[in-house]
Amino acid sequence: MKIVKHMAIVASALVFSVACSNHSNEDENASEVTNDEAKDVNSDVMDGQKQTDAKHIVEIYGGSMCEVKMSEQAASHAVNAKTKEFAGMMIDDHSAMNTELAKLAAAEQITLQTDISDDAKKDIADMGELKGDKYDKEFLDKAVKKHKEAIDHAEALAKDGHSEQIKMFFTDALPKLQHHLTMAEAARDAVEKK
């Protein structure tokens with residue numbers, strides 16, 4: 001029974017991933033898949049390095065979706081020009097990365113979550129209550145932390161990914177993630193020096 005449930009979640013997630021990569025919002029009834037459910041499904045149907053890769057990819061995808069949501073909020077809440085510029089870059093770059101990552105996951109038969117976690121939603125809502133430089137600093141602190149985490153996952157996948165497709169994807173993604181980290185740190189430094 002557990003396998004049947006997980007296979008239904010996998011099928012729903014694959015349909016959702018393909019729909020996202022085609023930018024279609026027609027199926028609003030697609031099953032929600034949480035971060036934990038995605039990890040469970042992948043653990044049930046994979047083993048070894050492929051299972052490890054799936055865990056890294058689920059984490060990167062969740063963090064990247066969170067970056068987009070945080071940055072969408074920052075576009076209207078931030079007060080510092082560098083913060084707003086960084087937020088715009090995050091929306092563009094991470095939206096594109098999410099589309100490509102969903103395609104990679106579908107090709108590798110890796111189930112991804114369909115939305116950010118409830119905790120992440122609450123963190124973003126709480127952050128939205130801050131004003132001025134306090135908001136900018138909190139947003140940029142979170143962006144620095146998320147990019148450090150993403151870089152750790154991406155480095156592991158670029159080095160030890162089970163397929164050449166995964167290794168190549170994350171080898172190509174690393175410079176952009178590292179650039180994002182540098183930009184987030186520079187924007188944070190500008191806010192702190194005010």
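Of all the accessible heavy-atom surface of the stretch 105-173, with the other protein chains kept in place and a 1.4 Å probe, what percent is carbon and sulfur?
Ligands and nucleic acids excluded, carbon and sulfur give 48 percent.
Tabulate in residue order the Karplus-calculated ³J(HN,Hα) for the stretch 57-62, using 6.51 cos²θ - 1.76 cosθ + 1.60 with θ = phi - 60°, rounded to whole Hz; enter x for Gly and Pro.
Result, rounded to whole Hz: 5, 4, 5, 5, 4, x.
Output the peptides 178-186, 145-153 sorted from most to least packed, where packing is the average of other Cβ atoms within 10 Å over each peptide's residues.
Highest-to-lowest ranking by the protection proxy: 145-153, 178-186.
If only Cα atoms are counted, what is the Rg of the stretch 96-153, and what is its Dmax, in Å?
Values for the stretch 96-153 (Cα only, Rg and Dmax): 14.6, 43 Å.
For ASP133, what is the net charge nearby, where nearby means another residue's Cβ is under 11 Å from its Cβ and Lys, Arg count +1, Asp, Glu -1?
Counting the neighbours of ASP133, the net charge comes to +3.
Cα gyration tensor of the stretch 115-194, axes a ≥ b ≥ c as square roots of the eigenvalues: rounded (a/c below 1.5), prolate (a/b > b/c) or oblate?
oblate
The values are calculated or read from the model by the stated rules, or taken from the named source; none is laboratory data. All values reported here derive from a predicted model rather than from experimental measurement. As a convention, Cβ positions derive from the backbone with ideal geometry for all residues, glycine included, and neighbour counts pool all protein chains shown. All accessible areas refer to the heavy atoms of the entire protein, side chains included, with ligands and DNA or RNA removed. Shrake-Rupley method; radii C 1.70, N 1.55, O 1.52, S 1.80 Å.
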